[in-house]
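The values are calculated or read from the model by the stated rules, or taken from the named source; none is laboratory data. Every value quoted in this text rests on a predicted model; they were computed, and no experiment measured them. Virtual Cβ from ideal backbone geometry, glycine too; neighbours counted across all protein chains shown. Note: accessible area is taken over every heavy atom of the protein model, side chains too, but ligands, DNA and RNA are not part of it. Shrake-Rupley method; radii C 1.70, N 1.55, O 1.52, S 1.80 Å.
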Amino acid sequence: MARTAALVENLKRELRARNITYAAVAKRLGMSEASVKRMFSQKEFTLSRVDAICEVAGIEFSDLARSLAPTDAVISQLTYEQEKEFVDNQKLMLVALLSLNHYSFEEMVALFAIDAAECTRLLARLDRLKFIELMPNNRIRLLVSRAFAWIPDGPIQRFFKAEGVADFFRSSFDGEHELMVLANGALSKPSISALLARLRKSAAEFSAMRSDDALLPSTERAPITLLLAARPWLPDFLRRFRRKEPAAGTTVTRSRARTASAPVPEN
């Protein structure tokens, strides 16, 4: 049943990528639109119906079935050398990021200054890196898991810190779909652990949404960057005022009320 559901979802994705509506499918199959919707929602197809819908979409059933085959390499992280290659070849990085966000070959060429031959060459390189599988007609099958992440303090993160941080924060963060929260406080170790767990969950939810929304055409999706970071930290301009030892004759106490608003101590 799980493989049938996956087959139906892949078929829906192919139809949406080609802007083919249920009404268009119904017309070609001689059915009502309601019957087609019911067929997709209940995931009940005869092989002849699947074959007919593939014909409407202009794809081969063999390609659809191949999309369900288990892959030899599903990666959650690149090697240091592979990330370094992305940094050294920023067009390769661009195509990798577009692939990660489920842009088609046609969209890449139409929306960015990359001609078809160069895009094919870059996709072929990603195929050799096992980042994607380049299929017939330059169709792209992503080979990275939902848990994919860049190496902590690796080449990509270092590149972002050096080249992207200033540009990212060059915003008031008060526009549509923008948010910036700066919070400061002193927490217990269990509370910090719980906070970090929630942040990791938010990152996982972001990855899941990215995969789920891949079914939509690119015109209905907007690039968005999520930056999550937390660490024990006191800014330089405050740290220089901190005593190495409490002043003589004083006793350090902290009430529950003061704890909530005190700055986070250093490690």
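With a ≥ b ≥ c the root eigenvalues of the C-alpha gyration tensor of region 190-247, is it rounded (a/c under 1.5), prolate (a/b larger than b/c) or oblate? Here region 190-247 falls in the oblate category. Contact order, relative form, for the chain: 19 percent (alpha carbon pairs under 8 Å, 6 or more residues apart, mean separation divided by residue count).
The 3J(HN,Hα) values that the Karplus relation (6.51, -1.76, 1.60; θ = phi - 60°) gives for region 128-138 are, in residue order, 5, 7, 6, 7, 9, 10, 8, 9, x, 6, 6 Hz. Gly and Pro appear as x.
How large is the Kirkwood hydrodynamic radius of the chain, counting all unique pairs of alpha carbons, in Å? Mind dumping the intermediate values first?
Working: mean 1/r = 0.0441 Å⁻¹.
One over the average 1/r among Cα pairs gives 22.7 Å for the chain.
What angle do you read, to the nearest 10 degrees and between 0 and 90, between the alpha-carbon axis of helix 90-100 and the longest principal axis of the chain? It works out to around 70 degrees.
Using Cα pairs under 8 angstrom and six or more residues apart, how large is the relative contact order of region 82-235, in percent? Once normalised by length, the contact order is 21 percent.
3J(HN,Hα) along region 212-224, derived from phi through the Karplus expression 6.51 cos²θ - 1.76 cosθ + 1.60 where θ = phi - 60°, amounts to 5, 6, 4, 5, 8, x, 4, 5, 9, 10, 10, x, 9 Hz, with x in place of Gly and Pro.
Can you tell me the relative contact order of region 71-159? Whole percent, Cα pairs under 8 Å, sequence separation 6 or more. Once normalised by length, the contact order is 43 percent. Pairs spanning more than 20 Å between alpha-carbon atoms, out of Lys84/Lys161; Lys161/Lys189; Lys12/Lys91: Lys161/Lys189; Lys12/Lys91. For the chain, the longest principal axis of the C-alpha atoms and the axis of helix 47-57 are separated by about 70°. Ala204 label point, 7 Å along Cα→Cβ, cut-off 13 Å on backbone N: hits in region 121-162? Hits in region 121-162 for Ala204 at 13 Å: 146-148.
Summing Cβ point charges (Lys, Arg +1; Asp, Glu -1) relative to the Cα centre of the chain gives a dipole of roughly 1300 debye. At the residue level, Cys119 shows approximately 0 square angstrom of accessible surface with a 1.4 angstrom probe and all protein chains present. Note on surface exposure: Asp88, Asp127 rank Asp88, Asp127 by accessible area, highest first, 1.4 Å probe. Rounded to the nearest 10 degrees, the inclination of helix 2-17 to the longest alpha-carbon principal axis of the chain is 90 degrees.
Solvent-accessible surface of protein heavy atoms, probed at 1.4 angstrom with all chains present, puts Phe105, Phe45, Phe40 in the order Phe45, Phe105, Phe40, largest first. Ordered from largest to smallest accessible area (heavy atoms of protein chains, 1.4 Å probe), the residues Tyr103, Tyr22 come out as Tyr22, Tyr103. For Glu178, what charge total do you get from the other residues with a beta carbon under 15 Å from its beta carbon, if Lys and Arg give +1 and Asp and Glu give -1? So the environment of Glu178 carries a net charge of -2. Taking every protein chain into account, the accessible area of the chain amounts to 68 square angstrom per residue (probe 1.4 Å).
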